[in-house]
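Report on the structure given below.
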Amino acid sequence: MIGSAGIAAWIAQIAFWGLIVVGLTSGELGFRRSAIFLALWLAGYVGLRFVSFGDLFLTSYVAVLDVVLVLTIFKGDVRIG
């Protein structure tokens, strides 16, 4: 059975890949910046496996990348309401 931490991990991953696509299609995120974010994601995905309990930090790491992507693509915070 999947818990709230598992759902949060899926949301962070989906948001990351969605933001990469939105950034590329809107032109706000060029290929170079996209490659940098993908390299950071890959470094975290691979590198955190060598750290004790590193898999627990992956969701937080991807969430931070998501926040930076939102600030980069939308030039600030996104209003929800």
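Coordinate-derived values only; no laboratory data. Keep in mind the model is a prediction, meaning the values are calculated, not measured.
Values computed for the structure shown
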item: Cα long-axis angle, helix 54-73 against the chain (0 to 90 degrees, to the nearest 10); result: 10 degrees
item: Quotient of Cα Rg and 2.2 N^0.38 Å for the chain, N being how many residues it contains; result: 1.15
item: Potential lengthening between Ile7 and Val21 on full extension [0.36 nm per residue; Cα-Cα distance subtracted]; result: 2.9 nm
item: Contact order normalised by residue count of the chain, Cα under 8 Å, 6+ apart, percent; result: 38 percent
item: Angle in degrees between helix 31-47 and the longest Cα principal axis of the chain, rounded to the nearest 10; result: 10 degrees
